[in-house]
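What follows is a set of notes on a single structure, which appears directly below.
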Amino acid sequence: MMKTVLASVLFCVLAFCSVSVFGRPATFLEDFRVTWADSHIRQIEGGRAIQLVLDQSSGCGFASKRQYLFGRVSMKIKLVPGDSAGTVTAFYMNSDTDAVRDELDFEFLGNRTGQPYTVQTNIYAHGKGDREQRINLWFDPAAEFHTYTILWNHHHIVFYVDEVPIRVYKNNEAKGIPYPTRQPMGVYSTLWEADDWATRGGLEKIDWSKAPFLAYYKDFDIEGCGVPGPANCAANQANWWEGTAYQALTAVEYRRYKWVRVNHMIYDYCTDRSRYPVPPPECLAGY
Ligand SMILES: *[C@@H]1O[C@H](CO)[C@@H](O)[C@H](O)[C@H]1NC(C)=O
C-alpha cells in the first residue's frame, strides 16, 4: 500500500495528479451517476453504499462519470438473496463505441433458492466478443459483500472474485490476437430481468411475487488513467497497476486460478467444439 501511495505521489508530482487514488474508496456520486431509473437506486450510508431495486416496473443502472484507459476497478457487491432466478446483475467496463467495441463483463446470473449463482465473464476486443466463460460461485454471494475486481493493464486482463482470479486474458497482440489498448472504457452496472436466458438457459422464470429484488454495492474503487486526462498517463509504466506484481499472476494467484478452473468452471467457449470446431487463437496462445 505504501509503495502505491509513494508511486502515486511521485506520479502526481510528475503528471499534475491525473490519477485519483487518495481517499479511496469513494462515495457513489464522486465517481458515478445514475443512468437508468433514478427511483430504483437509493444511496445509503451517506452515499458510501447504494441499494439497487428491480421490480415489475423497472430495473436500474449506473455508470462512471469518466472513462479510464488501463487501471483497476473494484467494488463490493451483495447480490439479490433467496429466489433470484431470472435476475441478472452486471458489472462491466465498456468503450461505448458501437462499431469497434471493447468490453469486459461480469454478469451474475441469479438462481432458485439454494442453487448456485453463476458468474459469466466475457471479453470484447476490437468489436469481437463471444468469449463467454461461466463459473458457479463456491459461496452464497447474497449472504455477505464480496469484492469483484477487473484489472486491466498492458500485460493482461484479470477478473477477480475476492482474492481469486477467475479469468485471465493475456495481451497477445504480438501474435495478432486483439487486445484492448487504445479505447478508454467507462464502468457500468445494471440490475435487470433476463429470464429468457439467464437461469438454466431460460427454463427458470422470474418469480415476481418475490419482488422487489435488492442488490447492494459499496466501496467503489476506480484507479486508472482518467479520460479526458493527460495523454501520457496510459503509457506510463510507473502506474502501480503496470508494476511487476501485476504483470502476471503470482504463484498463489495461479494456484487459486487453477482451483477455480478445475472445481467451479461450468462453461468455457474455448472448449465448446459445437461453437468453435477450431478453438479461437487466444485459447491456444497461452497466458
Ligand atoms: C442454477 O442451478 C442449476 C442447478 O444446480 C445449475 O445447473 C446452474 O448452473 C445454476 N445457474 C444458473 C444461472 O442457471
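What follows is calculated from the coordinates using simple rules that are stated; it is not laboratory data. Nothing here was measured: the structure is a model prediction, and the numbers come from that model. Cβ: placed from backbone, ideal geometry, glycine included. Neighbour counts: every protein chain shown.
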### Query
Using mean Cβ contacts within 10 Å as the protection proxy, how do 41-49, 26-34 order, highest first?
26-34, 41-49
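For a quick protection proxy, order the peptides 66-78, 247-259 by their average other-Cβ count within 10 Å, most packed first.
Ranked from most to least packed, the peptides come out as 66-78, 247-259.
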### Query
What number, in nm² with one decimal, is the all-direction average of the projected area of the convex hull of the alpha-carbon atoms of the chain?
15.4
#### Entry: 25 Å Cα-Cα threshold exceeded, pairs from LYS78/LYS205; LYS78/LYS170; LYS76/LYS175; LYS128/LYS170; LYS78/LYS210; LYS170/LYS205
LYS78/LYS170; LYS76/LYS175; LYS170/LYS205
### Within the chain, helix-based [θ] at 222 nm, where runs of 4 or more DSSP H residues each add -39,500 (n - 2.57), nearest 500
-3500 deg cm²/dmol
## Note on the structure
Once the dipole of segment 28-284 is set up from charges on Cβ (+1 Lys and Arg, -1 Asp and Glu), the residue from the list TYR216, ALA37, PHE91 lying farthest towards its positive end is PHE91
#### Entry: Simple spin-label estimate for LEU29 and GLN56 in nanometres, 7 Å along Cα-Cβ
3.3
### Task
Show me 205-211, 186-192 ranked by packing, highest mean number of other Cβ atoms within 10 Å first.
186-192, 205-211
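For THR147 and ARG182 in one chain, what is 0.36 nm times their gap in residues minus the Cα-Cα distance, to one decimal in nm?
This chain segment gains 9.9 nm when fully extended.
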